[in-house]
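The values are calculated or read from the model by the stated rules, or taken from the named source; none is laboratory data. Predicted model, so just to flag it, every value in this text is computed and none were measured. Reconstructed Cβ throughout: ideal geometry from the backbone, glycine too, with neighbour counts over all protein chains shown.
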Amino acid sequence: MIKRKLLISLTFLMLFGQIVAQQTELFRNPIRVYNLGLEYYDKELYSSAQKQFAEVVKQIGDENAEVSVNAEYFAALCALKLFHRDASLQLREFIRKHPESSKVRHAKFQLGGYYYRKRKWDDVIKWYSQVSPYDLGKEEKYEYKFKLSYSYLMKKEHDLASRGFYEIKDVNNSYASPARYYFAHISYLKENYQTALTDFRRLSDHPKFGPIVPYYISQILYNQKKYEELLDYAPPLLDSVISKRKPEMARLIGEAHYYERDYEEARPYLEMYQKESRSLNNDDRYQLAFTYYKTEYYEEAIKLFSRLTGLKNEMAQISSYHLADCYLKTGQKNHSRSAFKIAYDLGFDPEITEESLFNYARLSYELSLNPYQKSIEAFKEYIAKYPESSKIDDAYRYLIAVYLTTKNYDAALASIQSVKNKTPQLKSAYQKIAYKKGTSLYQNRAYHDAVRYFDKSHLYKSDEKLTALAFYWKGEARYRQREYDNAIENYRAFIYETSAILTSVFNQANYNVGYCYFKKGDYQEANLWLRKYIYNKEDIDTFKLNDALLRIGDGYFMLKDYDQAIDFYTQAEKVGAFDADYALFQSAVCYGIKKDFGSKISSLEKLIAENPGSAYLDAAYYELGRSYNIQGNNEKALASFKQVIDQGNKNVYLKKSLNSTGLIHYNSNNYDGAITVFTRIVNDYPTYQDTKEALVVLKNIYIERGQVEKYSELMAGLSFVDVSQNELDSAVFEAAQDIYFENKCDKAKPYLISYLNKFQQGIHKLKANYYLADCYYRSESYDSSITFYENITALPSNEHTEEALIRTANYYFDKKRYSEAHNQYKRLEVAATSAPTLRQAVGGRLESSFIMDSTDRALEAAEVYLAHEFNEAHYLAIAYILKARKAVNNNKYDDALTYYSIVADTSKTEISAEAAYGMARVYFERDSLSKSEKLIFGLLNTPDYEVWVAKSLILLSDVYIKKEDYFQAKAALNSVIDNYDGEDMVKVARAKLLEVEVIEQKQDEKLKEAPDMELNFDGVDIDNEEIDALFDEEEIEEEIIPETENKEEGQDEGK
């Protein structure tokens, strides 16, 4: 074993010695080292080769020797091949040191290649520009041409790049295919589409370039508008393209169908692009919207068109126009109207502008939904701008129709007044509009203004029936203003119009005239007209029949025809619509006057039994007591009077019942009882007039009892009794009273005033004040009369208290002094002795507090009004609107809806507008948006109530915001901003409009707007050997991205 190891060792030493000897000999011969380096270089053993070339330079020692220069050159190339960081430095240093060497030209070529690998295009161009292709080999020449051209391409020197690629693309070399590809690409960028198409088609079957070529070809055919050819070429490729490319290819196919007007075929491709693309631009949205529109997918079209209406350009106008048609075709006329308005306002395309203006005006008329009444001005503007239009006759017809249906009466009247030569149709329209304005004002209790508009309607008596009705409603307004003579004149003018008999209120005029005479105290005439009214009872409203029968009964009562009075009171009681208690009471009074006390007692007992809550109970018990007293049934009489006394109502019947009770006690020799009652009267009614009878009885009792000193003590404690002064007081007053009774008020007034000034605590001051108040009131000197009525109301309850409170309360209400009116109505409510007076008192108190916005007081009055079951529509509306407000504040929305509904059904005034708004608001809060929207539309048709119109439009915008219909939301808000005069609502509308715009902006950020672009070729993988050869292994092939370019203008479909 040891021998064997020794043998091996000896053999190794011998071989090693031989090798060393050979190496030594080799290193002593530079040429042989140089050739060995070349041999290694050719075998791509660059590291070994580099060592040999370095050894050559070292051995020779002369850097200018040719072998040394060549070795230095190849050493630098080895560094280049080995990716040494100093490779380029070595080559540059070689060029600097040996500028005359034949290797310099190849060194520059190699440097160009090196910088190409590094993608330093400026350096590539710099070094390749110093190389002559004639100094290069054939393959080197192709490489040089390609890499220099590619560098130019990267520097966007397209002409230079294209020229180089062109020189080698059709020559058989390893760079031919990529050169053709880039040449075609540059041709595409320069819009030399046919040239590009030719070369791209030659690459269609290329194994590596083939996959990308279809995208170019499809885009080129699209750009050339060769849509049929594109549609033959592209669809079969769609399933095979990579998923990243599908949306773009789908768009090209969809748009080709679109421009060929084959919208059914276009839709699925454009939808695919919309669904799968990262973003859409406005052209994309318009194309898909228009496609939906043409294929009758209107809801989808609406969503996209509405996004484009805010652009303020031509696209916005045509989008608004088509959007309007989509709304129209889906039955959304109101939305359509708004869209036509926007299309008209934008005004870019004259034809669309004209058509939009006409349609906007027409829809405004058809909808009767134009709170700010722009349709009139729209039609007038259309007629002025387009007098030669084919629609001009239609415009005139619509304008007349709008005039006749408008609710913005003043705007319509002003518009007609501005026309110099009015046609018969315009005159007729003016009459109707003025009449409608008058009736609207009447409903809102603006009676004075209503009369003015009825007078205006008589300027043109085109319609005889309206002419007659204007007289009728003037009479109604005059009656409400207590101008009874004027009212009678107007009613009679109505009755004597030949067409009046054709109206539904012809017989009503008889009733109204009768009422006017009744108010004037002319009962003979009143009954004449009222009996005309009730002649045919079958055609009369039960309520008014009841009322007419009562007033006829009152008339006969005042005329002292008691049998007739009883007859009509009885008829009224049988009708029983209302005030049956009053009819029974008045019948009882008539029976009493006729001394038929049995019938009187029966009527009164029936009244008490059947009407336990009647306002006439005190009066009924009092009269019942009187009747029993007359019949000698003192027990029942006292019991009846006691009912009044125990009730304690501070009205005239309390004092009368006390007085009658005291007299029964006195006449029955119950002096103690009489003293108690009469002493109460003296204490509770400290005026001579009220206590005169009580004092006489007390005097008689004390004298009969021999207690004169007690009477003297009583009289001494009464400040209002001065016997000597009373005689003078009475003499002065009676002189003035005589003149008053002669109906000579002007002469009586100074005497009555003198009396009050002289006897400030006069025993007749009640009557003096009443006579003065009455005189001034009859002469319509209401400001003067009110002073004396106030004096009456300041006295203890008396026979004139009720009338004085009515006069003062009404006066203050008419003067808009609602706080004072409220106080007087509240006092009247306590003092009322009849149902009509009680109704007036509670209603007046309710309305006064409502106007003052005194919520608690108004609610309390509302509850009282409803508890009495009064039914005047105006006060019912106020009562229920108050209850609705309270319910909303307490979150009781079901109750609120009930109350609002009652108001809406009861009233046609501004309160009904509040009710409609309130219901719409409740439904909105409950997300019942359709119900809310419907109610708002109804409210928008009442332009007289501008604040509620503005509020409703703002609420409507909230509805649309919830529906994400921002187009309509902005239209509603802009309507307020552009038309409402109050800054409060405009400020709210502006703030909400800003909110909507912010919402839209956020949506746009989510769906980021894409630039107009062609098919994107980013990231196409061309990983074949030809392209691999373009760069060394350390680098990755860079793809060329075609330049983006805008879509051709004007390709969008027309209107």
Conditions (1) on the phi < 0 side of the Ramachandran plot; (2) modelled with pLDDT under 90: number failed by Glu964: (1)
Matching residues in segment 823-837 (within 11 Å of Leu805 (Cα to Cα) and not charged (D, E, K, R)) number 8
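Results for (1) among the aromatic types (Phe, Trp, Tyr); (2) under 18 Å from His206 (Cβ atoms); (3) in a helix (DSSP H, G or I); (4) over 60 Å from the mean Cα position of the chain (by Cα), shown as yes or no for each residue.
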{"residue": "Leu148", "(1), (2), (3), (4)": "no, no, yes, yes"}
{"residue": "Ala161", "(1), (2), (3), (4)": "no, no, yes, yes"}
{"residue": "Phe165", "(1), (2), (3), (4)": "yes, yes, yes, yes"}
{"residue": "Asn172", "(1), (2), (3), (4)": "no, yes, no, yes"}
{"residue": "Pro178", "(1), (2), (3), (4)": "no, yes, yes, yes"}
{"residue": "Tyr181", "(1), (2), (3), (4)": "yes, yes, yes, yes"}
{"residue": "His185", "(1), (2), (3), (4)": "no, yes, yes, no"}
{"residue": "Gln194", "(1), (2), (3), (4)": "no, no, yes, no"}
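Quick one: which residue in Ser187, Ser204 is closer than 24 Å to Asn223 by Cα, among the polar types (S, T, N, Q) and touching a residue at least 24 places away in the same chain (Cβ under 8 Å)?
Only one candidate passes the filter, namely Ser187.
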Please identify the pairs in which a residue from segment 560-582 that is closer than 14 Å to Ala548 by Cβ has its Cβ atom under 7 Å from the Cβ atom of a residue that is surrounded by fewer than 16 Cβ atoms within 10 Å (Cβ to Cβ) and hydrophobic (A, V, I, L, M, F, W, C), counting only partners at least 6 apart or on another chain. Ala577/Phe543; Phe578/Phe543
Can we say Ile534 is in the same structural domain as Lys465 (by the TED database) and farther than 20 Å from Ser614 by Cα? no
Between residues in segment 629-648 that are in contact (Cβ under 8 Å) with a residue 24 or more places away in the chain and residues that are in a loop (DSSP other than H, G, I, E, B) and not basic (Lys, Arg), which pairs lie under 6 Å by C-beta distance while being six or more apart or on different chains? none
Lys437: surrounded by fewer than 20 Cβ atoms within 10 Å (Cβ to Cβ), modelled with pLDDT under 95 and not in a loop (DSSP other than H, G, I, E, B), yes or no? no
Mind listing just one residue for me: the one in segment 646-700 that is under 60 Å from the mean Cα position of the chain (by Cα) and either assigned to a helix (DSSP H, G or I) or among the hydrophobic types (A, V, I, L, M, F, W, C) (or both) and, of those, modelled with the lowest pLDDT? Val652
Taking the criterion of being in contact with an Asp or Glu (Cβ under 8 Å, 6 or more places away or on another chain), surrounded by fewer than 23 Cβ atoms within 10 Å (Cβ to Cβ) and charged (D, E, K, R), would at least one residue in segment 343-355 satisfy it? yes
Here, helices (runs of 4 or more DSSP H) confined to segment 224-284 with at least 1 residues that are surrounded by fewer than 16 Cβ atoms within 10 Å (Cβ to Cβ) are 227-233, 235-238, 263-276
Pairs please, first residue from segment 25-38 and in a helix (DSSP H, G or I) and surrounded by 13 or more Cβ atoms within 10 Å (Cβ to Cβ), second anywhere and among the acidic types (Asp, Glu) and modelled with pLDDT of 85 or more, Cβ atoms under 6 Å, 6+ apart in sequence or on different chains. Val33/Glu55
Please go through (1) within 60 Å of the chain's Cα centre (by Cα); (2) crowded, with 19+ Cβ neighbours inside 10 Å for Lys155 and return the number of the only condition it doesn't satisfy. (2)
The residue from Thr295, Thr309 that alone is buried (at least 23 other Cβ atoms within 10 Å of the Cβ) and of a type in the set (Ser, Thr, Tyr) is Thr309
List the number of the failed condition for Ser614; all other conditions in (1) touching an Asp or Glu at 6+ places or on another chain (Cβ under 7 Å); (2) surrounded by fewer than 22 Cβ atoms within 10 Å (Cβ to Cβ); (3) in contact (Cβ under 8 Å) with a residue 40 or more places away in the chain; (4) in a helix (DSSP H, G or I) hold. (4)
